[in-house]
1. Please tell me the relative contact order of segment 31-149 in percent, rounded to the nearest whole number, where contacts are Cα pairs under 8 Å and at least six residues apart.
2. Which ordering of 132, 126, 147 is given by a fewest-first count of other beta-carbon atoms within 10 Å?
3. What distance in nm separates the simple spin-label points at residue 48 and residue 80, each placed 7 Å from Cα in the Cβ direction?
4. How far, in nm, would the chain grow between residue 109 and residue 132 when pulled straight, counting 0.36 nm per residue and subtracting the alpha carbon separation?
5. Using 0.36 nm times the number of residues separating residue 100 and residue 67, minus their current alpha carbon distance, what extension gain do you get?
6. In percent, what relative contact order does segment 39-99 have, based on Cα pairs under 8 Å that are 6 or more apart in sequence?
7. Taking neighbour Cβ counts within 10 Å as the exposure measure, how do 113, 39 sort from fewest upward?
8. Report the FRET efficiency, 1/(1 + (r/R0)^6), for residue 148 and residue 91, where r is their Cβ-Cβ distance and R0 is 41 Å, rounded to 0.05.
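Rule-based calculations on the coordinates, nothing more; no lab input. Since the model is a prediction, treat every value here as computed from it, not as a measurement. Counting neighbours? That spans all protein chains shown, and the Cβs are built from the backbone with ideal geometry, glycine included.
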């Protein structure tokens, strides 16, 4: 009687791919950065929460020197909570000019109510490095905001 673990044939490729990706990420150098003097992201002091729970956040960004796709991502949570909810993502143009961003999304599990909240926005590039797109952070900002009904 064999005591070998049995994996379904459908599950083997998934596990192999996941293990391979994990090994590649562990072996790849981390690509991070802080905002240069010409790169920034801001968060507007007021956001909106629609009746159906959809949250809209906005602000400005400026970035330069990308070699891969760049996005402005945002998240929101209560000021005193550690849980954050991703609210959309906007494709960014890194031409050195200031641009507006607006992200809209609906938290999957807990609704966000109007009132005080904490928002984080990040300008992040998926920069090619050895065949893998690795994150390169151009700018980040975190701010207390007021979410209004509307």
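1. On the way: 326 pairs, mean separation 42.5, N = 119.
Computed over segment 31-149, the figure is 36 percent.
2. The fewest-first ordering by Cβ neighbours comes to 132, 126, 147.
3. 2.9
4. Details: separation 23, 0.36 × 23 = 8.28 nm, distance 3.14 nm.
Residue separation times 0.36 nm, minus the Cα-Cα distance, leaves 5.1 nm.
5. Details: separation 33, 0.36 × 33 = 11.88 nm, distance 2.10 nm.
Stretched out fully, the residue 100 to residue 67 stretch lengthens by 9.8 nm.
6. On the way: 96 pairs, mean separation 20.2, N = 61.
Once normalised by length, the contact order is 33 percent.
7. Ranking 113, 39 by Cβ neighbours within 10 Å, fewest first, gives 113, 39.
8. Details: r = 26 Å, r/R0 = 0.64.
Efficiency at R0 = 41 Å is approximately 0.95.
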